[in-house]
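Below is one structure, written out as structure tokens; comments come after it.
The values are calculated or read from the model by the stated rules, or taken from the named source; none is laboratory data. Please read all numbers here as calculations on a predicted model, not as lab measurements. All Cβ positions, even for glycine, are placed from backbone atoms using ideal geometry, and neighbour counts span all protein chains on display. Side chains included, ligands, DNA and RNA excluded: accessible areas come from the protein's heavy atoms. Shrake-Rupley method; radii C 1.70, N 1.55, O 1.52, S 1.80 Å.
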Amino acid sequence: MQNFIDEIEQRTPAGIAAAIGRLIASGRLAPGDRLPTVRLLAGELGVSPATVSHAWQALSAVGLIVSRGRGGTFVQDAAPRWLPARSQSMIGAVGPARLDLSHGTPDPRLLPALGPALSRVAQRAETPSYQDLPIIPELLEVLRTSWPYPVETITIVDGALDAISRSLDAVARFGDRVIVENPSFPPFFDLLDQLGLERLPVAVDEHGIIPADFAEALKLGPAVVLLQPRAHNPTGASMTVQRAEELAHLLRTTAASADTIVIEDDHSAEISIAPDVSLGVWLPERTLHVRSFSKSHGPDLRMAALGGPAALIDPIVSRRMLGPGWTSRMLQTILHDLLTNGESMAQISEARRIYFARQRALADALGEFGLDVVQADGINTWLPVQNERDAMVRLAASGIRVAGGSPFLATPYLSSTGGPAFIRVTAGALPDDIRPVAEALAAAAHPPDSALHEVGARWA
């Protein structure tokens with residue numbers, strides 16, 4: 001009990017929660033340890049039971065503790081082992097929250113209605129032969145028209161991660177090096193680890209991969225470059241045409257990267273405000289471009305288009321025929337309808353406008369509260385904080401849930417060494433009244449007793 005008293009400097013819900021969070025993060029409180037009862041700790045601290053109860057709720061909201069009813073309250077056990085490592089570290093968010101900005105998924109209210117599409121395609125989806133093309137012709141035509149560069153062939157797979165996993169299987173071998181953005185999407189790191197591929201992290205700024213860092217990494221002879229051209233997760237950065245051309249030039253002129261393949265994950269194409277961009281414009285024979293529709297049309301569609309040279313795509317299609325074979329042509333027909341129906345297209349256009357407005361309003365409001373950030377594209381925003389765990393706990397005490405930044409970093413930092421700390425905010429899920437949320441985010445990022453650190457151009 002004395003450990004708790006000595007650590008708690010501020011006897012408010014946020015202060016109590018932050019102190020317990022530090023004890024858990026340091027290992028002084030281990031998974032499964034039982035915590036004092038609310039009344040016992042409240043008596044020792046000289047506060048009301050409601051104050052401690054609110055602190056416990058904040059810790060539970062970020063997945064640090066769990067209540068077992070009359071059995072007591074305990075430090076949360078480890079995440080299920082069937083989850084990949086980075087997913088285990090992200091599972092902390094449990095229970096209800098007043099405002100959940102942690103999930104990185106689109107606002108369900110902004111997805112196009114599926115009911116009309118289902119009624120229109122009910123009689124049109126057929127599979128007369130197991131040897132039919134994996135992509136229905138009408139969807140292929142729409143995708144070719146909207147692709148960022150003339151592409152030799154396109155196929156359909158079950159979502160962006162399926163496309164990236166199959167692409168890595170086809171072009172990389174155990175021990176190969178892969179350039180990844182830092183920060184980046186945590187499942188990418190899990191996937192590379194499971195395939196035995198070495199990460200070569202490169203920093204990003206508001207325009208994407210930083211060329212100087214990219215040039216250094218290319219000298220190590222990577223087999224693959226894995227990047228997100230638009231609405232980068234977690235930073236919300238979108239690559240400019242000029243930046244893409246510069247990266248393509250470096251790939252062309254660096255001897256050690258003569259055979260390097262580019263895999264692009266354009267996961268937010270339909271809701272991004274940035275121009276369509278791809279290194280495939282300059283390197284079509286070496287680029288695998290992935291365009292998925294989860295963020296724009298619904299995660300449960302599990303649909304992504306994979307385009308590139310036939311020499312790279314055909315082996316992927318061939319191998320897939322010995323597994324799932326093809327992605328449901330019924331789902332493909334629904335997607336085609338959503339991409340061509342006027343009402344659905346208008347709904348997507350409106351969603352794009354609303355996401356842009358929310359990102360702009362958040363950036364403006366954060367600036368008013370002393371936290372200057374670059375306006376992000378897509379649905380996520382990356383915020384620097386003084387202490388990741390403290391920021392999450394303080395926000396949870398206010399009923400706001402965000403994602404911790406650590407899983408997104410290719411090279412984990414140690415806060416004790418003064419390394420950068422971040423949180424990811426799903427700005428796409430913000431309410432209409434953004435100012436109170438922005439005020440809470442700014443206060444949690446840099447508590448009143450700390451100096452506001454300048455936000456540099458580099459996010460990692």
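May I ask for the net charge around T253, where only other residues with Cβ less than 13 Å from the Cβ of T253 are counted and Lys, Arg are +1 while Asp, Glu are -1? Write down the numbers at each step before the final one.
Working: positive: K219, R252; negative: E245, E246.
Net local charge, T253 excluded: 0.
For T73, list long-range residues whose amide hydrogen, built 1.01 Å from N in the peptide plane, is under 5 Å from its own amide hydrogen.
L35, R68
Over all distinct Cα pairs, what is the inverse of the mean 1/r for segment 327-392, reported as the Kirkwood hydrodynamic radius in Å?
For segment 327-392, the Kirkwood estimate is 14.8 Å.
The chain: longest stretch without exposed GluC sites (Glu not before Pro) (DSSP loop, at most 11 other Cβ within 10 Å), sites themselves excluded?
Answer - 127-453.
Using only helices, what value at 222 nm comes out for the chain when you add -39,500 (n - 2.57) per DSSP H run of length 4 or more and divide by the total residues, to the nearest 500 deg cm²/dmol?
One gets -12000 deg cm²/dmol as the mean residue ellipticity at 222 nm.
For segment 302-373 and segment 183-248, what is the separation of their Cα centres, given in Å?
Going from one Cα centre to the other spans 20 Å.
If you count the DSSP beta bridges with both ends in the chain, what percent of them are antiparallel, to the nearest 5?
Here the antiparallel bridges make up roughly 50 percent for the chain.
Tell me which trypsin sites (Lys or Arg not before Pro) from segment 183-253 have a DSSP coil assignment and no more than 15 other beta carbons within 10 Å of their own. Spell out each step's value before the answer.
Working: sites: R199, K219, R230, R243, R252; in loops: K219, R230.
Of the trypsin sites (Lys or Arg not before Pro), the ones in loops of segment 183-253 whose Cβ has at most 15 other Cβ atoms within 10 Å are K219.
What does the accessible area of S349 come to, in Å² to the nearest 10, when a probe of 1.4 Å is used?
60 Å²
Using a 1.4 angstrom probe on the protein heavy atoms only, could you order L306, L191 from most to least accessible area?
Sorted descending by solvent-accessible area, the residues read L191, L306.
Ordering I154, I273 by how much accessible area each has at a 1.4 Å probe, largest first, what is the list?
Listed by decreasing accessible area, they come as I273, I154.
For a test of the definition: using alpha carbon positions, the gyration tensor, and the 1.5 limit on a/c, classify segment 171-278 as rounded, prolate or oblate.
In terms of gyration-tensor shape, oblate.
Counting only the heavy atoms of the protein chains, how much of V373 is accessible to a 1.4 Å probe, in Å² to the nearest 10?
V373 exposes around 40 Å² with every protein chain in place.
Kindly express, to the nearest 10 degrees and within the range 0 to 90, the angle between helix 310-320's C-alpha long axis and the longest C-alpha principal axis of the chain.
Long axis of 310-320 versus the principal axis of the chain: about 70 degrees.
Please state the shape class of segment 39-78: rounded when a/c is under 1.5, otherwise prolate if a/b exceeds b/c and oblate if not, all from the C-alpha gyration tensor.
Judged from the Cα gyration tensor, segment 39-78 comes out prolate (a/c at least 1.5, a/b above b/c).
Using only the Cα atoms of segment 215-270, construct the convex hull and provide its projected area averaged over every direction, in square nanometres to one decimal.
Result: 4.0 nm².
Using Cα-Cα distances under 8 Å and only pairs 6 or more residues apart, what relative contact order does the chain have, in percent?
Across the chain, relative contact order equals 21 percent.
Could you tell me which of rounded, prolate or oblate describes the chain, using a ≥ b ≥ c as the square roots of the eigenvalues of the alpha-carbon gyration tensor, with rounded for a/c under 1.5 and, failing that, prolate when a/b is larger than b/c and oblate otherwise?
prolate
Which whole-number percent is the relative contact order of segment 285-388 (Cα, under 8 Å, 6+ apart)? Intermediate values should be presented prior to the final figure.
Working: 64 pairs, mean separation 16.5, N = 104.
Result for segment 285-388 is 16 percent.
What are the trypsin sites (Lys or Arg not before Pro) within segment 1-72 that DSSP puts in a loop, where the Cβ has at most 14 other Cβ atoms within 10 Å?
On the way: sites: R11, R22, R28, R34, R39, R68, R70; in loops: R11, R28, R68.
Listed in order of number, the matching sites are R28, R68.
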